[in-house]
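Structure record follows, encoded as structure tokens.
The values are calculated or read from the model by the stated rules, or taken from the named source; none is laboratory data. Bear in mind the structure is a predicted one, so any value in this text is a computation, not a measurement. Here the Cβ positions follow ideal geometry from the backbone for every residue, glycine too, while neighbour counts run over all protein chains shown. When the accessible area is computed, the model is the full protein with side chains, heavy atoms only, and any ligands, DNA or RNA have been set aside. Shrake-Rupley method; radii C 1.70, N 1.55, O 1.52, S 1.80 Å.
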Amino acid sequence: MKLASEIRTLFPQLRVSENVPLREYTTFRLGGPCPLLIEGATAGQLPDIIKLLNKAGQPFLVIGQGANLIISDKGIRQAVIRFCFDKPVIKSKGSRVTVSGDTLLDDLAVFTIENETGDLSYCSGIPGTVGGGIAGNAGAFGRQMGDHLVSVELLGLDGKVRTVLHNELEFAYRHSKLKGTGEIVLEATFELPVAKKEVMRIERDRIMQFRKDHHPDWHKEPCAGSIFRNIEPTSAVERRKAAGFFLQEAGAHLFRVGGARLYEKHANIIVADPGCTAQDVWELSEKMAAAVKEKFGIELIREVRFLGEF
Ligand SMILES: Cc1cc2nc3c(=O)[nH]c(=O)nc-3n(C[C@H](O)[C@H](O)[C@H](O)COP(=O)(O)OP(=O)(O)OC[C@H]3O[C@@H](n4cnc5c(N)ncnc54)[C@H](O)[C@@H]3O)c2cc1C
């Protein structure tokens with residue numbers, strides 16, 4: 001491919017591969033090929049790479065750790081730029097922390113605790129990058145990425161970089177405007193609530209233990225976290241309700257399609273057994289949603305992103 005060799009010539013330090021199966025690049029370990037995979041780019045190199053892709057008319061997509069993605073077995077037609085912990089940069093001044101979008105959320109949590117820059121301990125153990133976390137407003141224990149974000153450096157699809165403030169990103173539960181625009185978070189700045197190192201360490205330990213007890217270890221049981229979003233309250237006095245509760249009540253925890261099954265401790269997490277396909281996961285998720293619709297009349301909304309044809 002002419003485009004691949006053009007990128008290699010201009011950026012010899014990058015890893016540029018063609019027709020790459022994406023299963024190695026998602027925590028679900030599923031997915032067919034993409035035409036071009038670009039890895040190892042710094043935030044500073046990405047604008048020029050995007051300009052080259054645009055010039056060649058090649059559609060593209062940025063991914064982080066692939067912890068929220070299920071890619072079709074047939075693959076996808078976009079080139080994939082993997083922006084994930086190659087050269088993460090974290091800087092801090094008081095409680096203001098600036099971090100590159102490819103930094104792992106857990107690394108950021110550790111940095112903020114050990115440098116006592118402020119409390120982001122709820123990010124402990126959440127797989128994925130800061131960029132992916134901001135795009136989907138990742139969170140846990142009632143807190144989410146948008147809460148303490150001041151601004152981001154965004155790379156537009158036209159290759160131009162601009163600074164965007166928190167209120168322009170339209171954060172909502174597991175949502176930001178970036179989910180629709182596809183713009184890339186190069187860097188993010190947070191203003192964090194002050195907390196003592198010892199207190200944050202204890203909180204991190206508690207969270208890591210909770211995750212160990214309740215969630216699968218994706219290195220051993222491939223998955224992408226919760227399949228469906230929790231259910232939004234219908235009045236100001238209600239709280240968000242766990243989708244897992246309704247799934248369990250609808251009997252979905254016993255469902256299986258091919259190699260896809262529900263994690264035994266969490267009816268909202270699908271895990272992949274050997275031989276599982278992305279199509280198995282899609283069909284199991286359809287079956288889960290149908291069971292909750294039939295029993296409770298509730299339409300579940302997917303939190304994970306399915307890419308390509310299903
Ligand atoms: C075991 C397990 C537990 C989990 N627990 C939680 C949890 O507690 N809370 C929670 O919220 N999520 C959880 N998740 C889901 C996942 O960790 C988050 O969705 C995470 O934010 C995904 O980040 P990522 O970098 O892997 O994004 P990817 O999966 O690679 O991409 C997801 C989306 O973000 C976009 N994106 C990626 N990088 C960027 C960037 N730099 N700029 C703009 N857009 C970008 C992609 O285009 C895609 O649309 C869990 C997942 C697993 C496997």
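Miscellaneous remarks
- Region 169-192 residues that are farther than 29 Å from LYS93 by Cβ, paired with ones that are more than 9 Å from the ligand (Cβ to nearest atom) and open to solvent by 20 Å² or more (accessible area, probe 1.4 Å) (beta carbon under 8 Å, 6 or more apart): TYR173/ARG229; TYR173/ASN230; TYR173/GLU232; TYR173/ARG240; ARG174/ARG229; THR181/LEU157; GLY182/LEU157
- Single residue of GLY225, GLY275 found to be crowded, with 21+ Cβ neighbours inside 10 Å and of a type in the set (Gly, Ala, Ser): GLY225
- Qualifying residue in region 5-12 (condition: assigned to a loop (DSSP other than H, G, I, E, B), more than 16 Å from the ligand (Cβ to nearest atom) and under 16 Å from ASP158 (Cβ atoms)): no
- When ALA188, ALA224 are checked against the criterion of being closer than 30 Å to GLU294 by Cβ, within 15 Å of the ligand (Cβ to nearest atom) and part of a strand (DSSP E or B), a single residue qualifies: ALA224.
- Failed item in (1) closer than 22 Å to LYS241 by Cα; (2) touching a Ser or Thr at 6+ places or on another chain (Cβ under 8 Å), with VAL164 passing the rest: (1)
- Selected residue (only one of ILE81, ILE70, ILE76, ILE38 is in a strand (DSSP E or B), closer than 30 Å to ARG261 by Cβ and open to solvent by less than 40 Å² (accessible area, probe 1.4 Å)): ILE70
- Members of region 143-162 found to be among the basic types (Lys, Arg) and under 19 Å from the mean Cα position of the chain (by Cα), listed by number: ARG143
- Checked against the criteria, HIS166 does not count as closer than 21 Å to THR27 by Cβ, without any contact (Cβ under 8 Å) to a residue 40 or more places away in the chain and open to solvent by 50 Å² or more (accessible area, probe 1.4 Å).
- Annotation: ILE231 fulfils all but one of (1) farther than 30 Å from GLN78 by Cα; (2) modelled with pLDDT of 95 or more; (3) surrounded by 17 or more Cβ atoms within 10 Å (Cβ to Cβ); the unmet one is (2).
- Looking only at region 84-112, and only at residues there that are among the aliphatic types (A, V, I, L, M) and open to solvent by less than 10 Å² (accessible area, probe 1.4 Å), the one that is farthest from ALA43 (Cα to Cα): ALA109
- Output for region 106-156, where each listed residue is more than 7 Å from the ligand (Cβ to nearest atom), among the aliphatic types (A, V, I, L, M) and more than 20 Å from LYS177 (Cα to Cα): LEU108, ALA109, VAL110, ILE113, LEU120
- Region 44-65, residues that are within 28 Å of PHE306 (Cβ to Cβ) and in a loop (DSSP other than H, G, I, E, B): ALA56, GLY57, GLN58, PRO59, GLY64, GLN65
- For ASN115, the stated conditions do not hold, so it cannot be described as touching a strand residue (DSSP E or B) at 6+ places or on another chain (Cβ under 8 Å), outside the structural domain of ILE301 (by TED's automatic domain parsing) and buried (at least 21 other Cβ atoms within 10 Å of the Cβ).
- Taken across region 260-282, residues that are β-branched (Val, Ile, Thr), under 22 Å from LEU22 (Cβ atoms) and in a helix (DSSP H, G or I) do occur, with at least one present.
- Scan of region 239-258 for residues that are in a loop (DSSP other than H, G, I, E, B), surrounded by 15 or more Cβ atoms within 10 Å (Cβ to Cβ) and more than 23 Å from the chain's Cα centre (by Cα), ordered by number: ALA250, PHE255, GLY258
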